[in-house]
Amino acid sequence: MVGVSGVVRWAAAAVGVALVVAAAGYAVAAAAGDAEAPASGPGEVTVQLDVEHSLFAPDELRVVEGTRVRFVVVNGDPINHELIVGPPDVHARHATGNEAEHPSIPGEVSVGPNGVAVTTFRFDETGTFEFACHLPGHYEHGMHGVVEVVPADGRPGA
Ligand SMILES: [Cu+2]
């Protein structure tokens, strides 16, 4: 009987060790999750998009659903650019169309050489939305990025 009792105690100790290891592993995973860009929002947030050599920086954003993003496009290039934000059909229209100016539609704005332009877009659905410049050749050059919209209840501590 003593022998069996000893085995049971050892097993209990082993389980305790396993739990500690699992907890440590969870902590590491949580820290890694925090290391990626935190989601902005909800509410209204301002994001500055710098343009240099026909590329957006940053080219990846994360926001909580329902966030209204105020994009401030700072064009460091001596040529025209535009910022188009939205679902795929919006991009398809601009990729095949040739609208010269985007004065007042939310999520669509033109920015002149070394100029600054502002547009806002509210992200009400989760998913990945693209932003891009559809002036000839710019998208192909790499002038595009993504906004990842995450669920509001998926935020740590929310
Ligand atoms: Cu451009």
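Every read-out reported here was derived from the displayed coordinates using simple, explicitly stated rules and does not represent laboratory data. Being a predicted model, the structure only gives us computed values, none of them experimental. All Cβ positions, glycine included, derive from the backbone under ideal geometry; neighbour counts span all protein chains shown.
What does the charge count around ARG122 come to, taking other residues whose C-beta lies under 13 Å from its C-beta (Lys +1, Arg +1, Asp -1, Glu -1)?
-2
Could you compute the net charge surrounding VAL146? Neighbours are other residues with a C-beta less than 10 Å from the C-beta of VAL146; K and R count +1, D and E count -1.
Summing Lys/Arg as +1 and Asp/Glu as -1 gives -3.
How charged is the neighbourhood of VAL74? Take every other residue with its Cβ under 14 Å from the Cβ of VAL74, and add Lys/Arg as +1 and Asp/Glu as -1.
With Lys, Arg at +1 and Asp, Glu at -1, the neighbours total -3.
Normalised by the number of residues in the range 44-154, what is the relative contact order in percent for Cα pairs under 8 Å and 6+ residues apart? Don't jump to the answer; show the numbers that get you there.
Working: 251 pairs, mean separation 38.7, N = 111.
After rounding, I find 35 percent.
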